[in-house]
Amino acid sequence: DAGVIQSPRHEVTEMGQEVTLRCKPISGHDYLFWYRQTMMRGLELLIYFNNNVPIDDSGMPEDRFSAKMPNASFSTLKIQPSEPRDSAVYFCASRLGGGHGYTFGSGTRLTVV
Amino acid sequence: GDSVTQMEGPVTLSEEAFLTINCTYTATGYPSLFWYVQYPGEGLQLLLKATKADDKGSNKGFEATYRKETTSFHLEKGSVQVSDSAVYFCALSDPGKGGSYIPTFGRGTSLIVHP
């Protein structure tokens, strides 16, 4: 298995633009998670899905953030409009069932200028 | 709620030194405990885990023992290498709402190993 695949690896965009981050989880994993990592806040859980259904989005910072999972093999995290304070590394992770460790993607480093 | 506290870094060691990274936790339930490692420019990777008291998780020369009486899960390695330089995250997960097992992560401890 190729692991959790995220794209793009790096994204630089101007303030106000829409940004879409993509994730392909490991085949067969039923949980998908989006995290944001910054020096100030560490690792923050934004939202997670179980069997493609959003379960908890309480970590999504604002209405500018949205996430979808149209099928078991694909998820997107969208920021519209983007702001400089959204600059961070965004990770997608997937997991099979409960009580097990995650598999993380390599992350998308987002820079909003 | 659940929380994980790790020692502040960076931890700086010479090659072949002994490593300890402290981790303590608070949890309402009976959690599973994990250590993850993050190498520069990469995502977190599961290093080891323990699911019940007195279990010892081990991998790549690292080990940690689940100590329920002290609510701790300290990471140790007898002889570190330069290639062990990374950020190490302690985490716990318990069933939570509806058996979701959403983990709680510590802030991470940076390890720097010099030749």
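Just checking, how many residues over segment A:7-37 are part of a strand (DSSP E or B), open to solvent by less than 80 Å² (accessible area, probe 1.4 Å) and under 21 Å from residue A:56 (Cα atoms)?
The initial filter retains those residues of segment A:7-37 that are part of a strand (DSSP E or B), namely A:7, A:10-13, A:19-24, A:31-37.
When the remaining residues are screened for being open to solvent by less than 80 Å² (accessible area, probe 1.4 Å), the result is A:7, A:11, A:13, A:19-21, A:23, A:31-37.
Cutting the leftovers down to under 21 Å from residue A:56 (Cα atoms) gives us A:20-21, A:23, A:31-37.
Residues that pass the stated criteria total 10.
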Can you name the condition, by its number, that residue A:41 falls short on among (1) open to solvent by 30 Å² or more (accessible area, probe 1.4 Å); (2) modelled with pLDDT of 95 or more; (3) closer than 19 Å to residue B:103 by Cα? (2)
Taking the stated definitions as given, is residue B:66 more than 13 Å from the chain's Cα centre (by Cα), of a type in the set (Phe, Trp, Tyr) and farther than 15 Å from residue B:109 by Cα? no
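Of these, B:85, B:72, B:79, which one is away from chain A (no Cβ under 14 Å), open to solvent by less than 40 Å² (accessible area, probe 1.4 Å) and closer than 21 Å to residue B:12 by Cα?
Details: B:72 fails: closer than 21 Å to residue B:12 by Cα; B:79 fails: open to solvent by less than 40 Å² (accessible area, probe 1.4 Å).
One residue alone meets the criteria, B:85.
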Run residue B:35 past the list (1) open to solvent by 50 Å² or more (accessible area, probe 1.4 Å); (2) within 11 Å of another protein chain (Cβ to nearest Cβ); (3) under 14 Å from residue B:75 (Cα atoms) and report the number of the one that doesn't hold. (1)
Scope segment A:61-78; condition more than 21 Å from residue A:4 (Cα to Cα) and either outside any loop (DSSP other than H, G, I, E, B) or in contact with a Leu (Cβ under 7 Å, 6 or more places away or on another chain) (or both); matching residues: A:65
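Would a scan of segment B:41-48 turn up a residue that is over 24 Å from residue A:45 (Cβ atoms), surrounded by fewer than 20 Cβ atoms within 10 Å (Cβ to Cβ) and more than 15 Å from the chain's Cα centre (by Cα)?
Restricting attention to segment B:41-48, the residues satisfying the condition of being over 24 Å from residue A:45 (Cβ atoms) are none.
Within segment B:41-48 (the criterion being over 24 Å from residue A:45 (Cβ atoms), surrounded by fewer than 20 Cβ atoms within 10 Å (Cβ to Cβ) and more than 15 Å from the chain's Cα centre (by Cα)), the answer is no, since none of the residues qualifies.
The values are calculated or read from the model by the stated rules, or taken from the named source; none is laboratory data. All figures in this text were calculated on a predicted structure; none of them were measured in a lab. Counting neighbours? That spans all protein chains shown, and the Cβs are built from the backbone with ideal geometry, glycine included. Heads up: the accessible areas ignore ligands, DNA and RNA and are worked out on the full protein's heavy atoms, side chains in. Shrake-Rupley method; radii C 1.70, N 1.55, O 1.52, S 1.80 Å.
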